[in-house]
1. If you fit an axis through the alpha-carbon atoms of helix A:296-326 and take the longest principal axis of the Cα set of chain A, what angle between them do you get, 0 to 90°, nearest 10?
2. Under the rule of at least 5 residues apart or a separate chain, name every residue whose amide H is placed under 5 Å from the amide H of A:Gly45.
3. Using per-residue counts of other Cβ atoms within 10 Å, averaged over each peptide, order A:26-32, B:32-38, A:185-191 from highest down.
4. Take A:Thr330 and B:Ala212, extend 7 Å from each Cα along the Cα→Cβ direction, and tell me the distance between the two endpoints in nm.
5. What is the set of long-range amide H partners of A:Leu285 at a cut-off below 5 Å, with H atoms built 1.01 Å from backbone N?
6. Can you tell which of A:Pro296, B:Val83, B:Ser187 lies farthest toward the positive end of the dipole of the protein assembly as shown, using +1 and -1 charges on the Cβ of basic and acidic side chains (Lys, Arg; Asp, Glu)?
7. Please state the charge dipole magnitude for segment A:2-300, taken about the Cα centre, from unit charges on C-beta atoms (+1 on K and R, -1 on D and E), reported in debye and rounded to the nearest 20.
8. Taking the highest mean first, how do the peptides B:15-25, A:124-134 order by number of other beta carbon atoms within 10 angstrom per residue?
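What follows draws every value from the coordinates through simple rules; no lab data is involved. Everything numeric here is computed off the predicted structure, so don't read it as measured data. Cβ coordinates were reconstructed from backbone atoms using ideal geometry, including for glycine residues, and neighbour counts include every protein chain displayed.
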Amino acid sequence: MEFQFGLSWSGLTHYAGNVFGASLAVETIVAFFVESTFLGLWIFGWNRFGRWTHLAMIWVVTLTAYLSAYWILVSNGFLNHPVGYRVADGKLVLDDAVAVLTNPAALLAFGHILGGALLTAGFFVAGVSAHHLFRRTPEREFFGRSLRVGVFLSFPALVVTAAFGGVQLTALAELQPMKSAVFRQQAADVARVQADMAARFGPGDYVPSEAWTRGGALVMLIAFGLMMYLALAGVVLACFPRAVHRFRLWHLALMAAVPLPYLAMTGGWVFREAGRQPWVVYGLLRTQDAVSDVSPAAMRASLAVFTTLFAVLAVVNARLLVRYARRGPTDTGLGRDDRAPDGDTPDGDPAGSLPATRY
Amino acid sequence: METLAVALLGFFTAGYFVLAGADIGTGMLLPFLGRTDRERRLVIASFAPFFLGNEVWLIATAGLLAGCFPDFEGVLFTGQFAVLVPLLAGWMVRDAGLWLRGRASGAGRDPDAAAGRGSVPRGGRVWRPACDGAVVCGSWVVALSWGRLLASLFAGTPGTAATGAGAVVAALAVAALFAAHGAGFASVRLTGAPYARARRLTGRTRAWRSFALTGSLMAAVPVLAGLSLPLAASAADGATLALLVPALLVITPFLVAAQGWTWWAFRHRVSGPSYL
């Protein structure tokens, strides 16, 4: 992302970099740097550190992930609802750092994303556990417990996500009336806000794409509705060990529900970002004015390169996630003791020479 | 404050070149150092615990550019569009190769193999050579792109991508330096046949001496290239720097300590494969 802003959106870094760049810088150094270092230590450090030290490493990764989310949303919150700045020489200058750090568009979104991320994790863990219970794999105890963890996490996470989402929708009427009007399909409001904005910012089209804005919101809300039924039923069912282990229809439903939080998260982002167009910094800088001075051919080439790469990676990753989810906890490859001497194995496969994981 | 911001930028850039340069260089030499699948896995194990922590120095550098020199970031990145896009693509391909290499169906662990559908892991024969190819090509593209970028910086034209004979020479020279740095790293990390091959590259100098020499060069080259840039003049507004720079200065020793811990924990030579 840090590269993308400089490469394709240098108008944004030029105009808003004094305010918007700082939170990105803090995110990379305070959160991402620590996260990567400790993730490396955790992945490759099995059996090399004490159990508690090793556990503490993944907790550092977890905490820096929260920090990362906060700082990214401070940056994104500023784009959606600029605060704490003043304009000097045609550029934004930081005026009130506290206002930037406590921007409601950042804090409310942080709560919403935090809940949404935990909700995604809950549905993912519950879905994978349900697969193993459905298939009756040997680790009954293990997956019975993890299914309950997933289900009991999903419900409060869903409540938190919905609460922050509701507050954001209410706040939207004031912060971004156009997004709110397009979402509610209030043609009269849309026309009024369009006239207001044309009067304030000059003639132009200030109405975002209804298909993306409303479409994103609807995907999010429908996924939310389905997840609410499942999560509500889940907390009741998960109280009965017989249901946890034997209720195969529920297992199937949990497996089928794994994509729902991903759909909701993506739909929500599309709603948030498409709905604030044509602005890249709301009310201050138009998206079209933020694009770098790069030839259209170069921009198309880079879009094609990165889209292809990310699409391939997404497909490979999804397939690997499915493959590893189907394996039991011992066959994931993580946690083997790679300090053991590398003995020759009959089939000559180095992977075979690592002793199995213990958990 | 501007001077401190420039110093931080220099520190993180030099850190990236010294640390990530070692694993990129080793990746460039992967087909030379490891002749069999098993040897290549060992070569990758030599930098496996470090490369995630190494490459994040570049993210930090980009973050510093965005936070402390936003104008210059735009000029540099837009001007170097044709260099940075291949660099980032090469980086992605290389990392995908590294992370995915060991995720092919392992012997006896693949559901298909376990079900008796062939005793040799189905994916391994194509998968792992393909991943090795991604690591090697990606590493070369990254190193050559750095050479081309540095050529523009040395020529004093950060806003235009270098072309012509000068760019080719610089790209090859910098790639050679990356490879030499990788060879030095491999000779202090590896054992067995790959170690012997790395020693053939570093010559009769002591292994650590070669690595230290290429390491100093790796730190010096980007810093020297950066000296001519108009960094202090294009720094962010004083109010931003007054908050950002002290915060980053306070956290930096902790980052260095955490990375030092990684290097200390995995200081021993590798003789067996890792997770990758």
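1. So the helix axis and the longest Cα principal axis differ by about 30 degrees.
2. For A:Gly45, no residues qualify.
3. Listed from highest to lowest mean packing, they are A:26-32, B:32-38, A:185-191.
4. 4.8 nm
5. Long-range HN contacts for A:Leu285: A:Val280.
6. It is B:Ser187, whose Cα lies furthest towards the positive end.
7. Rounded to the nearest 20 debye, it is 1380 debye.
8. Result, highest mean first: B:15-25, A:124-134.
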